[in-house]
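Q: Structure incoming, see below.
Nothing in this text is a laboratory measurement; each read-out follows from the coordinates by a stated rule. Bear in mind that the values here come from a model prediction, so they are computed numbers and not experimental data. Positions of Cβ are generated from backbone atoms using ideal geometry, with glycine treated the same way; all protein chains shown enter the neighbour counts.
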Amino acid sequence: MQSWHDLWNHPWTHSVAAAVALLLIALLAGALARFALLPVVRAITRRTTWRWDDALLEQGTFKWLARMLPTMVIQFGIALVPGLPTTLQVMIANVAQALMIVFVALAASSALSALESLYRQAPHGNQRSIKALVQLVKIALFIAVTLVIIVGFTGRSVGWMLSGLGAMSAVLMLIFKDTILGFVAGVQLSSNDMLRVGDWITMPSAGADGDVIDISLHTVKVRNFDQTIVTVPTWKLISESYQNWRGMTEAGGRRIKRALNIDAGTVHFLNEQELAHLQRFRLLRDYLAGKHAELGAWNQTQGADAEHPFNRRRMTNLGCFRAYVQAYLDSHPDVHHGMSCMVRQLQSGPEGVPLELYCFTATTQWAAYERIQSDIFDHLIALLPEFGLQLYQQPSGGDVRSALAPLSRVVAQSPASPQEQATWRAST
């Protein structure tokens, strides 16, 4: 019994018991905060109509604040433990204080994330992203926390630490090069409204062709239309060019710019029979009447020279087809009539006479745009024979065989030997 009594009266026994009691109190405070206070806060936030408390809870701000309680118990209670050396007490208090500062910084960081989340959910939150700014503030916050912790352990002044950082400015510039470039680029993108989340951009140099899904301090994420995600450095969007299709979306019309290559050999003047045939087209009646009066008046001014067909102005099947296409687009319900709409003839080349349609659809939705464009060209291609026109296309193997078929029959009727005829048929 005397040995237990001596052991209990030993100074280190009281120190260990007090330290264990302090640790148990800290653990109890942490459990109380985790299993009692946090459920109460969670229940309160769910019943309120405010959104900011829900955002703070979702980002874990209250969780980090709750973890501060055990560190505060240790920091202020370590002085009550008897028998501990002053150096050990100071070290334990500094460690607890450092942990508390870290938890405060993490709570502030999560609060900034909640602020950014609330801003993004606002009606105009996607127009200008503040994520890059929030990330920069977080970096500055953690740098400041690191300096405070180092100052707390070393006992040196903040000025001494900052002077050391000044001497390392070249190294810091190298380390934070991407951060500095990203911040400057983010400020320019935001201030000039050059990029928003949801914009469709095209950047061939980076392999980006899709919608912007995230704008951060260092990178911009683009979800391509094949569902792949391309990450582009933020500064690259300032140093290199890219195409933003937001203007098309805001205008409400998407451009159609595609040509029909007409076979030049099928273009000719119209005779009376062909004109009578075209009179049945409802969309051409006004054009034919006005053109007939215009050409008749001009031909009358030519006098006797108008007796020769080559001295008269006459309508062509290509000109009438161009007028029909223009009238067709002007009356099409899916063509945007508030934007440019024209049918023009481009420079003739080896592939025929290009007849280009330049107009805008009344929708910017991709699937609807492709359907409207296909329907228009399906109709026009199928209608070309009514005007005596054909599309130009490279001859296929079937075209070559059809062209050589008469020659093959002539050879078959020639007095050549059966072996020579077989060789000819094999070659053709």
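Q: Is any residue of the range 331-372 close enough, with backbone N under 11 Å, to a label point placed 7 angstrom from the Cα of Asp226 along the Cα-Cβ axis, and if so, which?
A: none
Q: Can you give the FRET efficiency for Glu370 and Arg285, using 1/(1 + (r/R0)^6), R0 = 45 Å, r = Cβ-Cβ distance, to the nearest 0.05?
A: 0.90
Q: OK, next. Check which residues have an amide H placed less than 5 Å from Val220's amide H, if you skip close sequence neighbours.
A: Val232, Thr234
Q: Which of the peptides 400-406, 265-271 is most tightly packed, and how do the rest follow, judged by the mean count of other Cβ atoms within 10 Å per residue?
A: Averaged packing, sorted descending, gives the order 265-271, 400-406.
Q: Please report Asp54, Asp199 as a ranked list, fewest other C-beta atoms within 10 angstrom at the top and most at the bottom. Each step should come with its number before you reach the end.
A: Details: Asp54 17, Asp199 20.
Starting with the residue having the fewest Cβ neighbours, the order is Asp54, Asp199.
Q: What is the projected area of the convex hull of the Cα atoms of the range 254-387, averaged over all directions, in nm²?
A: Answer in nm², one decimal: 9.4.
Q: Read phi for every residue in the range 215-230 and hand back ³J(HN,Hα) as whole Hz from Karplus 6.51 cos²θ - 1.76 cosθ + 1.60, θ = phi - 60°, with x for Gly and Pro.
A: So the J values, rounded to whole Hz, are 10, 10, 5, 9, 9, 10, 9, 10, 8, 5, 6, 8, 6, 7, 10, 10.
Q: Hey, what do the phi angles of the range 279-288 turn into as Karplus ³J(HN,Hα) couplings, whole Hz, using 6.51/-1.76/1.60 and θ = phi - 60°, x for Gly and Pro?
A: 4, 6, 7, 4, 6, 9, 4, 5, 5, 5
Q: A follow-up question, please. Apply 1/(1 + (r/R0)^6) to the Cβ-Cβ distance of Ser216 and Val400, taking R0 = 51 Å, and write down the FRET efficiency to the nearest 0.05.
A: It comes to 0.30.
Q: Next question, about the same structure. By the scheme Lys and Arg +1, Asp and Glu -1, what is the net charge of all other residues having a beta-carbon under 14 Å from that of Ala206?
A: Details: positive: Lys221, Arg223, Lys236; negative: Asp209, Glu240.
Result for the local shell: +1.
Q: Starting from 0.36 nm per residue, how many nanometres of slack lie between Trp245 and Trp50 once their C-alpha separation is accounted for?
A: In short, 66.6 nm is gained.
Q: Which three extents, in angstrom, do the Cα atoms of the range 342-393 have along their principal axes, listed largest first?
A: Extents along the principal axes: 34, 23, 19 Å.
Q: Same structure again: Checking the a/c ratio against 1.5 first, then a/b against b/c, what shape does the Cα gyration tensor give for the range 16-130?
A: Details: a/c = 6.11, a/b = 2.19, b/c = 2.80.
In terms of gyration-tensor shape, oblate.
Q: Turning to a different aspect of this structure: Roughly how large, in nm² to one decimal, is the mean projection of the convex hull of the alpha-carbon atoms in the range 74-126?
A: Projected over every direction and averaged, the Cα hull of the range 74-126 covers 4.1 nm².
Q: Something else about it: Return the sequence-ordered ³J(HN,Hα) values of the range 244-250 in whole Hz as given by the Karplus equation 6.51 cos²θ - 1.76 cosθ + 1.60 applied to θ = phi - 60°, using x for Gly and Pro.
A: 9, 8, 4, x, 5, 5, 5
Q: Could the peptides 23-29, 111-117, 39-45 be put in order, highest first, of the mean number of other beta-carbon atoms found within 10 Å of their residues?
A: With the highest mean Cβ count within 10 Å placed first, the list reads 111-117, 23-29, 39-45.
Q: Counting other beta carbons within 10 Å of each residue's own, what order do Ile201, Ile139 fall into, fewest first?
A: The order, fewest Cβ neighbours first, is Ile139, Ile201.
Q: Moving to a separate point now. What is the sum of charges around Val104, taking Lys and Arg as +1, Asp and Glu as -1, for the other residues whose C-beta is under 15 Å from the C-beta of Val104?
A: Here the charged neighbours net out to +3.
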